[in-house]
Amino acid sequence: MKKQILSLALTIFALSAHADIRELIDEDVLKQIAEETSGEAAKRNLDTITLQHRMRASSQFDNATQHILNQLRHYGLDDVELLEYPADGQTMFGTQKSRPVWDVRSAELWELTEVNGETVRSRRLGDWDSVPLTLAQDSLSGEATTTLVDIGAGTSNADYAGKEIRGKLVLTSSQPESVVERAVGEFGAAGIISYAPNQRSAWWKEDDRLVRWGHLDSFPETESFGFMISLGEARKLQARLASGEQILLHARVDASHQTGVYGFATAAIRGTDRANEDIHFTCHLDHPRPGANDNASGCVSILETARTLNALVQEGILPRPSRTIRFLWPAEIEGSIMYLSSHPDVSRIKANIHMDMVGGGPVTKAIFRISGGPISVPSFIADLGHEIGHFMNEQTEGFASGDTVDFPLNAPEGGKEPLLALMEGLDMGSDHDVFFEGSWGIPGLYLHDWPDRYIHTNYDLAANIDPTKLKRAAFIGAVSAWFLANMSDEDVPAVLSLLERNALARTADLLERRAQLNAIDAIAVTDIHFTVERRKVHSVEPFARLSEEAHGEAMQYLADLAKLVAVPQIAGIAGAGRNQTVYERNPEIKGPMSAFGYSYLQDHLPEDEYSELKLRSYRGTWGSSGQYVYEALNFVDGRRTVSDIRDWLTAELGPVPLAFVEEYLAALETIEVIQRIP
Ligand SMILES: [Zn+2]
């Protein structure tokens, strides 16, 4: 034991104490990428895209796509193409049902007053042409001249008690989709006016000017329309209603669901000897106007990554990469599911780098994050992304403090703030969820800002976007892609030494987490921790040869480290009370259980069964409900038992009752998403 500790100590001392990406990537290459990447070029593209109200498969989404295609051709990218998928409300792409096109011709909301016995328009509260966000998404045609009734949350019968709703417009604090069945379907309201506030953060409800993105169902049972107004406007209306005043409104919407086409831009920088392997990039081009940070920022940043690397190759400054670097501008989540589920050869995608909200300037209060993904997809790519992030944090912090640094990475028209990126594991909420998902299990990175006080509102403006941040996001993309697209056997030692250094830090983290667990969980979680570390070592294999010698050394290092932090085993617990059922994924049903505007799980399970699934609302020590259900399915691999899956969830997100996991997996079995291995 003593000897092993000594050898481990020597190994640890031999590790570089200081993270520096220059051990992985040549400094001259980094300099050329930094110099070519332009925050201003990205910002200029953003200014154009933010003019469009980019609802999936709509004409304004297509306008934004056309701008991307024009620029890709102008920049001289390879394989510039428009990928098309039906938007017909029927076709199933994996677990995503294609949504119909939502086509709006006009929408207006006016207050009316009586002047000398005549009813005239007195004040405009909403107008599609000037502020399209004032119309809730998936609103359908309707017209009403009627009075306003306040229904509060509108989600329980008490909210309607004693009120005359039929034929009236209802004012609610909830999203239109959460009240439409009761207010319109049951009680016969003419339409909905909502002031549902912005997404929760410390600034929630603080800025009462914001008009938030509202939603109705893409597959409605009850057809209706909803107008979105600001909290400030709602408070004024409520005060007048409370004083007994009648408020007369005129609402008119001309909009319909139609069949059409989702069109997504794509392009590539073709590789050489490994051209049939892709290093892949995504963003999501859809979202309401202006949608500057969410997500014009990610779309123009991957466009700038494309422009930068292609320009360096065209100029002969960098050689053409070994692997192909490919870019895609889809509609969020649904587009990625369509793309992957109908892709002729997903196995060629070796990594995906997703950017969603990467440009928030100081006014947005954004914190930039680099997520390496869930432990269901263990990969050195997470370590690579974090290494680049640490390097940029150090350089940009030095720059902000007045030091002379080699990589200030600031745009002349942008800020000089330090990047201060947070390094994360699993963090959900965008297209990366689809790429990491168990059906595909593609490793990668997710770059994003959170919080953003203006997300999904009419104040998510281009003016809030910092060209320096766009440059830095594009730089992370370009550097990661350049390394991965050229990674070969020679790079393996540097990657393994990075993994060893990070394994040490992660093992320290394990000790802290383990202290919060009972003895049995502590044993299981420790075991899983080292399994993940070993799989991270093997994750280099799709990119390069892991020699027997290098593999042996890496495994020995982890074995030594494991001995150092071993938990005393408890006699007689093996197998006790464990659920040994093993499930495998049904390969015919690909994709996550809930996507955009459609939930496969909800659509296939009886409503009461769906709403009672305990894992769906479970919050653990380190994770939330959405993460538990997402990873529970991702861990289904034909080898893990149900109890193993419960232990892996515990390792990543915190302890969870076995019964909740059993119930969830049994539900997935009834809808044939997974099947039992006899
Ligand atoms: Zn987004």
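The values are calculated or read from the model by the stated rules, or taken from the named source; none is laboratory data. None of the values given here were measured: they were computed from a predicted structure. Positions of Cβ are backbone-derived with ideal geometry, glycine not excepted, and every protein chain shown enters the neighbour counts.
For Arg99, only one of the following conditions fails: (1) in a loop (DSSP other than H, G, I, E, B); (2) charged (D, E, K, R); (3) exposed (fewer than 13 other Cβ atoms within 10 Å of the Cβ). What is its number?
Answer for Arg99: the failing condition is (3).
Residues of the stretch 338-373 being under 13 Å from the mean Cα position of the chain (by Cα) and either closer than 25 Å to Pro542 by Cα or not acidic (Asp, Glu) (or both), which ones?
Asn352, Ile353, His354, Met355, Met357, Val358, Arg369, Ile370, Ser371, Gly372, Gly373
Can Glu233 be described as part of a helix (DSSP H, G or I) and crowded, with 16+ Cβ neighbours inside 10 Å?
Spelling it out, Glu233 is indeed part of a helix (DSSP H, G or I) and crowded, with 16+ Cβ neighbours inside 10 Å.
Is it true that Glu114 is over 28 Å from Ile325 (Cβ atoms) and at pLDDT below 95?
When the stated conditions are applied, Glu114 passes them.
Identify all residues within the stretch 312-323 that are surrounded by fewer than 24 Cβ atoms within 10 Å (Cβ to Cβ) and not in a loop (DSSP other than H, G, I, E, B); write none if there are none.
If the condition is that a residue be surrounded by fewer than 24 Cβ atoms within 10 Å (Cβ to Cβ) and not in a loop (DSSP other than H, G, I, E, B), then Leu312, Val313, Gln314 are the ones that fit.
Among the residues of the stretch 612-627, which ones are closer than 18 Å to Val434 by Cβ and either hydroxyl-bearing (Ser, Thr, Tyr) or in contact with a helix residue (DSSP H, G or I) (Cβ under 8 Å, 6 or more places away or on another chain) (or both)?
Gln627
Of the numbered conditions (1) in contact (Cβ under 8 Å) with a residue 24 or more places away in the chain; (2) surrounded by fewer than 24 Cβ atoms within 10 Å (Cβ to Cβ); (3) away from the ligand (no atom under 16 Å from the Cβ), Arg369 satisfies every one except a single condition; which is it?
(3)
Determine whether the stretch 414-424 contains at least one residue that is in the same structural domain as Ser38 (by TED's automatic domain parsing), under 23 Å from Trp204 (Cβ atoms) and within 15 Å of the chain's Cα centre (by Cα).
yes
Can you name the residue in the stretch 338-357 that is within 21 Å of Ser379 (Cβ to Cβ) and touching a Gly at 6+ places or on another chain (Cβ under 8 Å) and is also nearest to the ligand (Cβ to nearest atom) among such residues?
So the residue we want is Asp356.
Output the residues belonging to the stretch 178-212 that are assigned to a helix (DSSP H, G or I) and buried (at least 24 other Cβ atoms within 10 Å of the Cβ).
Once the filter is applied, which keeps residues that are assigned to a helix (DSSP H, G or I) and buried (at least 24 other Cβ atoms within 10 Å of the Cβ), the stretch 178-212 yields Val179, Val180, Ala183, Val184.
Anything in the stretch 109-139 that is buried (at least 18 other Cβ atoms within 10 Å of the Cβ) and either outside any strand (DSSP E or B) or touching a Pro at 6+ places or on another chain (Cβ under 7 Å) (or both)? List them, or say none.
Within the stretch 109-139, Trp128, Pro132, Leu133, Thr134, Ala136, Asp138, Ser139 meet the criteria.
Kindly indicate which of Thr272, Thr282 is at pLDDT 95 or above and under 18 Å from the mean Cα position of the chain (by Cα).
After applying the criteria, what remains is Thr282.
Please go through the stretch 655-678 and give me each residue that is over 24 Å from Tyr610 (Cβ atoms) and buried (at least 16 other Cβ atoms within 10 Å of the Cβ), ordered by number.
Matches in the stretch 655-678: Pro655 only.
Within the stretch 312-332, track down each residue that is more than 20 Å from Ala275 (Cβ to Cβ), within 16 Å of the ligand (Cβ to nearest atom) and among the hydrophobic types (A, V, I, L, M, F, W, C).
Trp329, Ala331
Would you check if there is a residue in the stretch 265-283 being hydroxyl-bearing (Ser, Thr, Tyr) and closer than 30 Å to Leu148 by Cβ?
Among the residues of the stretch 265-283, not one is hydroxyl-bearing (Ser, Thr, Tyr) and closer than 30 Å to Leu148 by Cβ, which makes the answer no.
Hydrophobic (A, V, I, L, M, F, W, C) and either without any contact (Cβ under 8 Å) to a residue 12 or more places away in the chain or outside any helix (DSSP H, G or I) (or both): which single residue out of Ala57, Ala42, Ala64 fits that description?
Within the list Ala57, Ala42, Ala64, the selection yields Ala57.
From the list Arg513, Arg535, which one is part of a helix (DSSP H, G or I), within 25 Å of the chain's Cα centre (by Cα) and outside the structural domain of Pro362 (by TED's automatic domain parsing)?
Arg535
Any residue at all in the stretch 209-229 that's over 22 Å from Met55 (Cα atoms) and without any contact (Cβ under 8 Å) to a residue 40 or more places away in the chain?
No; the residues of the stretch 209-229 include none that is over 22 Å from Met55 (Cα atoms) and without any contact (Cβ under 8 Å) to a residue 40 or more places away in the chain.
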